[in-house]
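**Q** Dumping the structure here so I can ask a few things about it.
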Amino acid sequence: MVGGEEEVFQRISPIFEAIGTNIVYQGPAGSGQHTKMCNQIAIASNMLGVTEAIRYAEKAGLDPDTVLKSIGSGAAGSWSLSNLAPRMIKGDFDPGFYVKHFIKDMGIALESAEAMGLQAHGLSLAKSLYERLAASGEENSGTQALYKLYE
């Protein structure tokens, strides 16, 4: 997610390729940041769905690992479902990405959305739940710790 002058991007692309694999030029300066916010917005609402699906499976008496085998590769599939849901099930809340950093990113995205006149209802809800999670002492946990709010 790179923003800036395209000529400069092309010139330094070999450096990016040495440290990453999915390098996409997004447009002028600021475009990379906006793309990062799109990523965080998509993850925020998706994490609510992943968490609720796992807790629903458990409450319904289903084996959540077996449920993941069924829904993980279909329309509900996502990186979070495939990678973070198994960690929720195992009780592994170590950070890959910290709750506190996710809250910061969601705040930036909400401010930016507001400035554009966009109401981001899912993002607002997700941020409020993550703030509640952080207030309970989970700010240094991974984002999959959202599961704890549903216990």
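**Q** Pairing the Cα long axis of helix 6-19 with the longest principal axis of the chain, what angle in degrees results, from 0 to 90 and rounded to the nearest 10?
**A** With both axes taken from Cα atoms, the answer is about 50 degrees.
**Q** With the convex hull built on the Cα atoms of the range 25-114, state its orientation-averaged projected area in nm². Don't skip to the answer; put the middle values down first.
**A** Details: hull surface 29.2 nm².
If I average the Cα hull's projected area over directions, I get 7.3 nm².
**Q** Ok, one more. Once the Cα atoms of helix 99-115 and of the chain are each reduced to a long axis, what angle between those two axes, in degrees from 0 to 90 to the nearest 10, is obtained?
**A** 60 degrees
**Q** Which residue fluctuates the most in the chain, going by a Gaussian network model with Cα springs under 10 Å, if the choices are 126, 76, 18?
**A** The residue with the greatest mean-square fluctuation here is 18.
**Q** Same structure, new question: Could you name the lysines whose alpha carbon sits less than 26 Å from that of residue 127, not counting residues in the same chain fewer than 8 places away?
**A** In chain and number order, the partners are 36, 59, 90, 100, 104, 148.
**Q** Now for a different question. At 222 nm, what helix-only mean residue ellipticity would the chain give, in deg cm²/dmol to the nearest 500, using -39500 (n - 2.57) for each DSSP H run of four or more?
**A** Details: 7 runs with 92 residues, N = 151.
Helix-only estimate at 222 nm: -19500 deg cm²/dmol.
**Q** Out of 101, 73, 40, whose Cα points farthest toward the positive end of the dipole of the chain (charges: +1 Lys, Arg; -1 Asp, Glu; placed on Cβ)?
**A** Comparing the listed Cα positions along the dipole, 73 ranks first.
**Q** Using only the alpha-carbon atoms, how far is helix 31-59 inclined from the longest principal axis of the chain? Give it as 0 to 90 degrees, nearest 10.
**A** Relative to the chain, helix 31-59 is tipped by roughly 10 degrees.
**Q** Would you please put 28-40, 95-107, 112-124 in order of how densely packed they are, using the mean number of other Cβ atoms within 10 angstrom per residue and starting with the highest?
**A** Numbers: 28-40: 15.0, 95-107: 16.8, 112-124: 13.0.
Going from most to least packed, we get 95-107, 28-40, 112-124.
**Q** Let me ask something additional. Over the range 1-96, what percent of the accessible surface lies on carbon and sulfur atoms, probe 1.4 Å? Please list the in-between numbers first.
**A** On the way: 3240 of 5890 Å².
Its accessible area is 55 percent carbon and sulfur atoms.
**Q** Name the residues whose placed amide hydrogens come within less than 5 Å of the amide hydrogen of residue 27, ignoring near sequence neighbours (fewer than 5 apart) on the same chain.
**A** HN-HN under 5 Å from residue 27: 4.
**Q** Could you run the Karplus curve 6.51 cos²θ - 1.76 cosθ + 1.60 with θ = phi - 60° over the range 141-151 and give me ³J(HN,Hα) per residue in whole Hz, x for Gly and Pro?
**A** Rounded to whole hertz, the list is 8, x, 4, 5, 5, 3, 3, 4, 5, 9, 6.
**Q** Give or take rounding to whole Å, what are the principal axis extents of the alpha carbon atoms in the range 76-151, in descending order?
**A** 40, 30, 21
**Q** Next question. In whole Hz, what ³J(HN,Hα) sequence does the range 72-85 give by Karplus (6.51, -1.76, 1.60; θ = phi - 60°), x for Gly and Pro?
**A** Here the 3J(HN,Hα) series is x, 10, x, 4, 7, x, 6, 4, 5, 5, 6, 9, 9, 4 Hz.
**Q** Given a 1.4 Å probe, how much area per residue of the range 1-144 is accessible, in Å²? Please report the intermediate quantities before stating the final value.
**A** Details: 8430 Å² over 144 residues.
For the range 1-144, the solvent-accessible area averages 59 Å² per residue.
**Q** Starting from the Cα coordinates of the chain, work out the convex hull volume and express it per residue in Å³. The partial results should precede the final answer.
**A** Values: hull volume 19.6 nm³, N = 151.
Looking at the chain, the number lands at 130 Å³ per residue.
The values are calculated or read from the model by the stated rules, or taken from the named source; none is laboratory data. Everything numeric here is computed off the predicted structure, so don't read it as measured data. Here the Cβ is made from the backbone with ideal geometry for all residues, glycine too, and neighbour counts use every protein chain on show. Keep in mind that these areas ignore ligands, DNA and RNA; they rest on the heavy atoms of the full protein, side chains included. Shrake-Rupley method; radii C 1.70, N 1.55, O 1.52, S 1.80 Å.
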